[in-house]
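Colleague: Starting off with a structure, shown below.
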């Protein structure tokens with residue numbers, strides 16, 4: 001039981017780390033493409049600076065937002 005909890009916790013941490021890396025990569029790509037001015041975590045939310053405005057989203061929503069933004073230009 002304790003070992004199962006430990007394994008679940010480790011998996012959650014690994015998934016969270018992967019999400020952080022993916023958000024960072026997408027944010028950097030969006031900056032390089034000139035789509036946003038900046039990005040990063042701010043008080044538990046993900047902050048995206050775009051067109052003079054601050055967009056604060058939960059990390060999973062920020063991931064989708066950045067993907068859609070990049071796809072809109074690339075597609």
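Colleague: What is the residue count in segment 41-54 for residues that are within 12 Å of the chain's Cα centre (by Cα), at pLDDT below 95 and either surrounded by 12 or more Cβ atoms within 10 Å (Cβ to Cβ) or not in a strand (DSSP E or B) (or both)?
Modeller: Total satisfying the criteria: 4.
Colleague: Do you know which residues across segment 2-22 are at pLDDT below 70 and either under 21 Å from residue 47 (Cβ atoms) or touching a helix residue (DSSP H, G or I) at 6+ places or on another chain (Cβ under 6 Å) (or both)?
Modeller: Of everything in segment 2-22, those that are at pLDDT below 70 and either under 21 Å from residue 47 (Cβ atoms) or touching a helix residue (DSSP H, G or I) at 6+ places or on another chain (Cβ under 6 Å) (or both) turn out to be 16, 17, 18.
Colleague: Go through segment 56-71 and count every residue that is in contact with a helix residue (DSSP H, G or I) (Cβ under 7 Å, 6 or more places away or on another chain) and assigned to a strand (DSSP E or B).
Modeller: Residues that pass the stated criteria total 1.
The values are calculated or read from the model by the stated rules, or taken from the named source; none is laboratory data. The shown structure was predicted, so the numbers you read here are calculated from the model rather than taken from an experiment. Note that each Cβ is placed from the backbone with ideal geometry, even for glycine, and that neighbours are counted across all protein chains shown.
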